[in-house]
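First comes the structure, then the notes that go with it.
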Amino acid sequence: MADKLIIFDTTLRDGEQSPGASMTKDEKLRIARQLERMRVDVIEAGFAASSNGDFEAVKAIADVVKESTVCSLARANDRDIARAAEALKGARSARIHTFIATSPLHMEKKLRMTPDQVFEQAKLAVRFAKNLTGDVEFSPEDGYRSEVDFLCRVLEAVIAEGATTINIPDTVGYAIPELYGNFIKTLRERIPNADKAVWSVHCHNDLGMAVANSLAGVKIGGARQIECTINGLGERAGNCALEEVVMAMRTRRDYFGLELGIDTSQIVPASRLVSQTTGFVVQPNKAVVGANAFAHASGIHQDGVLKARDTYEIMRAEDVGWAANKIVLGKLSGRNAFKQRLQELGIELDSESEINAAFAKFKELADRKSEIFDEDIIALVSDESVTSEHEHYRLLALSQRSEMGERPHAKVAFAVGEQEFHAESDGNGPVDASLKAIETKVQSGAEMLLYSVNAITSGSTESQGEVTVRLQHGGRVVNGVGADPDIVVASAKAYLAALNKLHSKSERVAAQG
Ligand code: KIV
Ligand code: ZN
């Protein structure tokens with residue numbers, strides 16, 4: 001029987017650290033359920049001590065996820081670790097992941113600690129965590145740029161204290177595959193008790209090598225856990241992409257020879273859910289989950305694929321969950337059919353009133369759009385007005401007039417808390433006019449960093465437009481996403497969704513702060 005490779009997903013922790021990717025508790029819960037459905041071995045649900053919001057999200061995930069281990073990050077101190085343990089109390093299988101930086105640069109400039117102090121703190125942290133849970137992971141942050149002798153000393157000590165997983169982060173994405181693989185091999189060879197822990201890789205993508213480095217960590221270094229995120233979401237250039245590393249392992253099983261527990265048919269639904277939730281669009285030529293990943297445009301390729309698929313295809317689209325866009329529901333579909341489709345998509349709304357709100361939105365949409373696809377349903381339940389989450393800003397009505405050669409004008413009605421506002425403005429275009437109208441009353445002072453529009457389902461102008469707006473204010477960056485067949489309305493919804501996120505001022509501590 002081949003060795004098992006553990007897939008550790010950190011979309012909800014490291015992925016969420018990407019500016020603008022912060023998610024609400026309900027959004028995180030929905031993604032965690034999808035990760036569980038995909039049979040991810042470990043879900044890093046957040047960093048419980050970083051904010052009350054993150055604590056609640058980790059707790060909610062720990063309470064509902066049963067098939068995957070649920071993990072919380074914690075700095076190497078008693079308060080963070082106790083907070084993580086508290087949030088994880090309800091989990092069937094829980095892991096505490098504690099970390100402290102070990103590179104000379106981080107210890108001296110960031111932590112202002114001596115190597116001996118870091119050594120002691122790492123040991124004490126693992127000892128403390130081990131008293132609270134049997135499953136303890138330790139990460140030497142910036143591990144790849146740490147001195148090997150010092151790292152061996154720290155890692156041997158934390159394994160002796162009971163760490164069951166040792167993760168080697170390439171925190172700044174500096175590694176090269178062969179060198180990273182050999183680094184892990186050296187550590188495992190030099191540390192006498194190395195065989196008492198599972199070795200793990202955690203690679204960032206600054207030089208575009210996160211997946212290659214992770215694979216080398218497994219093949220050369222002998223690691224048996226890969227830390228990764230859906231769509232490679234993560235700070236800066238992101239983390240190792242789950243879909244790529246999993247499909248590389250599976251497609252080239254002849255070379256890697258490892259067992260994976262992942263249900264790969266859940267990969268594309270997970271990718272769409274993360275992209276629709278965060279507003280981080282997947283590039284069309286992205287491996288495995290990009291819209292073009294299985295499209296054969298050239299005549300020679302098409303001819304080859306028609307004669308024998310494996311002439312140009314190394315994976316089957318259906319194996320990663322690409323089903324042809326299905327028209328699932330329409331105007332005449334009833335509440336039961338709608339409810340059943342929600343279940344099939346794995347969407348669990350919390351109450352009958354949420355189902356009713358979602359169904360009312362669905363009916364509204366079906367009146368305007370004859371074919372409703374799965375993506376439309378995901379967008380619809382992502383709408384905060386459907387879930388019980390508090391919405392401070394709500395769009396009530398919008399009308400706009402634009403004519404070639406004329407300056408567009410928009411009128412917007414929206415609620416702020418209990419109060420209703422009516423505003424109007426001109427603008428360079430109808431979207432600009434609508435958002436300016438909202439700003440005349442809200443005066444958020446936020447700076448817009450990004451505005452993007454995408455068709456939710458490809459192939460037709462009947463598709464809903466999905467708009468992402470990224471705003472920055474007071475040092476915080478948030479994304480708002482809105483969907484509607486009318487892209488001006490979608491834009492106003494996205495703008496108000498971003499304002500809602502700015503309004504919920506949950507401050508958090510950065511994991512690498
Ligand atoms: O990249 C990193 O070093 C991390 C650690 C906190 C594990 O994400
Ligand atoms: Zn990281």
*Where the centroid of each part is defined by its Cα atoms, how far is segment 68-102 from segment 191-218 in Å?*
21
*Protection proxy ranking of 397-409, 153-165, 190-202 - average other beta-carbon atoms within 10 Å, highest first*: 153-165, 190-202, 397-409
*Looking at segment 3-278, what % of its DSSP beta bridges pair antiparallel, to the nearest 5?*
5
*State whether segment 327-382 is rounded, prolate or oblate according to the following rule on the C-alpha gyration tensor (a ≥ b ≥ c being the square roots of its eigenvalues): a/c under 1.5 gives rounded; otherwise a/b larger than b/c gives prolate, and the remaining case gives oblate.*
prolate
*Ranking 309, 145 by Cβ neighbours within 10 Å, fewest first, what do you get?*
309, 145
*Quick one: angle between helix 267-278 and the longest Cα principal axis of the chain, in degrees between 0 and 90, rounded to 10, please.*
70
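Among 133, 11, rank each residue by its count of other Cβ atoms within 10 Å, from fewest to most, as a rough exposure measure. Could the numbers behind the result be given before it?
On the way: 133 19, 11 33.
In order of increasing Cβ crowding within 10 Å: 133, 11.
Evaluate E = 1/(1 + (r/R0)^6) for residue 182 and residue 337, where r is the Cβ-Cβ distance and R0 equals 56 Å; express this FRET efficiency to the nearest 0.05.
Numbers: r = 56 Å, r/R0 = 1.01.
It comes to 0.50.
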_At a 10 Å Cβ-Cβ cut-off, how would you order 166, 100, 378, fewest neighbours first?_
378, 100, 166
*If the viscosity is 1.002 mPa s and the temperature 20 °C, what translational diffusion coefficient in µm²/s does Stokes-Einstein give for the chain when Rh comes from Kirkwood over Cα pairs?*
89
*Based on DSSP, what percent of beta bridges with both residues in the chain are antiparallel, to the nearest 5?*
50
*Over 29 Å between C-alpha atoms is what I'm after, so list which of 369/411; 307/369; 369/493; 4/25; 28/185; 130/185 land there.*
307/369; 4/25; 28/185
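Just so you know, all these numbers are worked out from the coordinates, no wet-lab data involved. Predicted model only: the values in this text are computed from it and were never measured. A quick note on method: Cβ atoms are made from the backbone with ideal geometry, for glycine too, and the neighbour counts reach across all protein chains shown.
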